[in-house]
Amino acid sequence: MASFLDNLRRMAGFAPKGGEPAKKKDQIDRVGAFGTLYAQWLSCEDEAQRAEIREKMLKVLPDTLFLAPMCYEGENPEAEVHDRDLHATLGAKRLYALNQHIVTRGNPGYRLAKHADSRRVHLRSLVYHKTKEEWVPLFTDFTALLPVFGQKSRVTVISFEEARQMARPYSGLVVNPGRNAVKFSRDELNRIK
């Protein structure tokens with residue numbers, strides 16, 4: 001029989017003492033779903049099918065963790081920083097155990113920071129020269145991040161919801177900028193519940 005405290009832990013998403021973590025079936029089914037859909041979207045040549053896949057991607061974004069280049073308030077975002085800590089946001093911590101194997105693929109030696117920093121985090125942005133639009137870049141893993149930003153930036157593990165909130169003043173979020181980029185405009189991000 002489960003104790004009152006075990007039931008509270010389960011409701012909050014924590015494991016009962018001495019037990020396995022409480023996981024929602026829907027959440028487990030959606031872990032890694034963005035990556036699968038992203039791969040389908042990249043390989044699809046039919047525009048109607050790509051639009052359908054894109055809509056599915058929008059639905060699974062809330063359960064997806066990303067890597068993002070970041071800086072702390074007061075730091076020059078363009079300055080090179082040699083920080084090998086992987087800074088996890090509060091929202092990322094609840095999803096990290098399920099998504100760690102995905103988001104850390106290709107990790108060149110970053111380790112999860114042992115202590116939280118109380119300074120305010122700012123995500124770095126990219127400006128598309130043709131349109132002059134400023135977008136917040138997110139990356140599915142280190143294999144996508146390193147070719148763009150190298151190892152000269154602080155890196156955070158961030159939940160989609162937190163990234164979406166931080167991207168409000170920008171044109172939107174761009175996942176894996178470059179040839180395989182998928183952009184989610186501000187309007188699309190506002191539709192996600």
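The values are calculated or read from the model by the stated rules, or taken from the named source; none is laboratory data. Here the structure is a predicted model, which means the values were calculated and not measured. Here Cβ is always computed from backbone atoms with ideal geometry, including for glycine, and neighbour counts include all displayed protein chains. In case anyone asks, the SASA skips ligands and DNA or RNA and just uses the protein heavy atoms, side chains included. Shrake-Rupley method; radii C 1.70, N 1.55, O 1.52, S 1.80 Å.
Applying 1/(1 + (r/R0)^6) with R0 = 22 Å to the Cβ-Cβ distance of residue 73 and residue 148 gives a FRET efficiency near 0.45. Can you work out the FRET efficiency for the pair residue 116 and residue 50, with r the C-beta to C-beta distance and R0 = 45 Å, to the nearest 0.05? My answer for the efficiency is 0.70.
Amide H contacts of residue 167 (H built 1.01 Å from N, in plane; Pro and chain starts excluded): no residue 5 or more places away or on another chain comes under 5 Å.
Only aspartates and glutamates eight or more places from residue 183 in sequence, or on another chain, were considered; those with a Cα closer than 19 Å are 45, 46, 47, 52, 55, 63, 133, 134, 141, 161, 162. Give the shape of the stretch 126-193 as rounded, prolate or oblate, defined through the alpha-carbon gyration tensor: a ≥ b ≥ c are the square roots of its eigenvalues, a/c under 1.5 means rounded, and otherwise the shape is prolate if a/b is larger than b/c and oblate if not. Because a/c hits 1.5 or more and a/b fails to exceed b/c, the stretch 126-193 counts as oblate. Each residue of the stretch 50-55 was assigned a 3J(HN,Hα) from its phi angle through the Karplus curve 6.51 cos²θ - 1.76 cosθ + 1.60 (θ = phi - 60°); the sequence is 4, 5, 5, 5, 4, 5 Hz, with glycine and proline shown as x.
For the pair the stretch 69-132 and the stretch 168-192, the centres of their Cα atoms are 18 angstrom apart.
Relative contact order of the stretch 39-193: 31 percent, from C-alpha pairs under 8 Å at least 6 residues apart in sequence. Convex hull of alpha carbon positions in the stretch 45-172: directionally averaged projected area 9.1 nm². Given +1 at the Cβ of Lys and Arg, -1 at the Cβ of Asp and Glu and no other charges, the dipole of the stretch 43-94 around its Cα centre is 380 debye to the nearest 20.
For the peptides 178-190, 159-171, residues were scored by their other Cβ atoms within 10 Å and the scores averaged per peptide; the highest-first order is 159-171, 178-190.
Here's how it looks for residue 112: its modeled amide H is under 5 Å from those of 86, which are all 5 or more places away or on a different chain. For the stretch 46-193, the fraction of 1.4 Å probe accessible surface lying on carbon and sulfur atoms is 49 percent.
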